[in-house]
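The values are calculated or read from the model by the stated rules, or taken from the named source; none is laboratory data. Keep in mind it's a predicted model, so treat the numbers as computed, not measured. Only protein heavy atoms, including side chains, enter the accessible area calculation; ligands, DNA and RNA are left aside. Shrake-Rupley method; radii C 1.70, N 1.55, O 1.52, S 1.80 Å.
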Amino acid sequence: MGKNEKKGYQTAAPDRYHILKDHARQMRREMTDAERLLWETLRHNPYRLRFRRQHPIADFIVDFVCLDYMLVIEVDGGYHFTPEQMSDDAARAQILNNMGFSIMRFTNEEVMFQVDDVTRKIYDYLLEQAE
């Protein structure tokens with residue numbers, strides 16, 4: 001088993017979980033091209049690592065997560081570089097870090113044009129954690 005020995009779900013508070021779960025389903029149906037490309041790569045990975053997409057954690061929906069190793073992967077579009085969104089992302093990262101998650105962020109462009117490099121960074125990190 002990986003870093004997350006409990007291998008359990010990390011979800012929202014019970015009173016908000018169903019709202020987030022429904023929104024996550026909608027987000028899975030409407031993934032960006034970059035998210036779709038990365039998902040296809042991650043779900044067919046050669047290391048048999050298990051990833052979830054658009055998964056509720058705390059009060060957030062993360063793009064991708066490997067719960068076994070407590071790794072959140074975010075794919076950021078252009079709006080993530082506005083001052084307000086950068087502040088929101090930093091606050092969100094702090095909460096997820098406090099829960100024990102590590103976060104890797106990639107831009108849409110990195111995923112679309114360098115998906116092999118992106119996935120290599122992800123797998124290298126996870127394989128290092130497994131040692």
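Return the label of the correct value of P(r) over Cα pairs in 10 Å bins from 0, in percent, as calculated from the structure shown, out of (1) 14, 48, 33, 5, 0; (2) 12, 43, 38, 7; (3) 15, 44, 25, 12, 4, 1.
Computed from the coordinates, P(r) over Cα pairs in 10 Å bins from 0, in percent corresponds to (2).
Quickly estimate the mean residue ellipticity at 222 nm for the chain, helices only: each DSSP H run with n ≥ 4 gives -39500 (n - 2.57), and the total goes over all residues, rounded to 500.
-17000 deg cm²/dmol
Report, to the nearest whole %, how much of the accessible area of segment 73-122 belongs to carbon and sulfur atoms, 1.4 Å probe, protein only.
Of all accessible area on segment 73-122, carbon and sulfur atoms account for 54 percent.
So how much slack lies between Lys21 and Ile103, counting 0.36 nm per residue of separation and subtracting their Cα-Cα distance, in nm?
Details: separation 82, 0.36 × 82 = 29.52 nm, distance 2.09 nm.
That works out to 27.4 nm of additional length.
Taking the solvent-accessible surface of protein heavy atoms with a 1.4 Å probe, what is the per residue accessible area of segment 57-129 in Å²? Intermediate results must be reported in sequence, preceding the final value.
Values: 3530 Å² over 73 residues.
For segment 57-129, the per-residue accessible area is 48 Å².
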